[in-house]
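Working notes, structure below.
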Amino acid sequence: MKKRSVWMVPAAALLAAMARAAGDAPSSPYQPLSFLVGHCWKGTFPDGKMTDEHCFSWIYGGKFVRDEHVVRRAEGHADGFGEAIYLWDATSGRLEYLYIESAGGYSRGTVSLDGDALVFPPTSYRENGQEQVYRSRWQHSGTDAYDVVTEFQAKERWVPGFTVHMREVRR
């Protein structure tokens, strides 16, 4: 068996270099998130009592994308705050995120583009020793909105979680 040299260039990197040499500019790995960045988006949960607002921005010179959000709950209940950092993992060739929130919970996962929708495959949200598996899809809805559909895993099947129509908030 022949040993692989650590200096060998992976095929994908070689093809990307060849494309650049041919004059094709590489696309940004953050392109799937580009419509969100620089804008805030707000939606109301189906119960009509809570809203969710996300504001996306570039950080560290465009090396990462930050999503800061707040869930405003019904009167008398504390608001929930969260933040996701999106990063490009060149080794795996995937767009990934780390999400943390004010109750102490967190999740990690990947996001990909399917047509004009962002797809967040199943991942686990963990808080205080508990775990909830969820998945989500953010579908464009015109030029100034998107729809969020989130489902939760209950034993061996997926059950509806929530759907929120997010509209761009003009500031």
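The values are calculated or read from the model by the stated rules, or taken from the named source; none is laboratory data. Model, not experiment: these values are computed from the prediction. Note that each Cβ is placed from the backbone with ideal geometry, even for glycine, and that neighbours are counted across all protein chains shown.
Before moving on, here are some points about what is shown:
- Options Gly115, Gly104, Gly82; residue that is at pLDDT below 95, out of contact with any Pro (no Cβ under 8 Å at 6 or more places or on another chain) and not β-branched (Val, Ile, Thr): Gly115
- Test: Glu151 is out of contact with any Leu (no Cβ under 9 Å at 6 or more places or on another chain) and more than 15 Å from Trp41 (Cβ to Cβ): yes
- Inter-residue pairs, beta-carbon under 8 Å, first in a loop (DSSP other than H, G, I, E, B) and in the range 45-60, second of a type in the set (Lys, Arg), 6+ apart: Lys49/Arg73; Met50/Arg72; Met50/Arg73
- Count of the range 157-171 residues, restricted to those that are touching a Cys at 6+ places or on another chain (Cβ under 8 Å) and under 10 Å from Asp144 (Cα atoms), is 2.
- Selection over the range 75-119 of residues that are of a type in the set (Ser, Thr, Tyr) and closer than 19 Å to Glu53 by Cα gives a count of 6.
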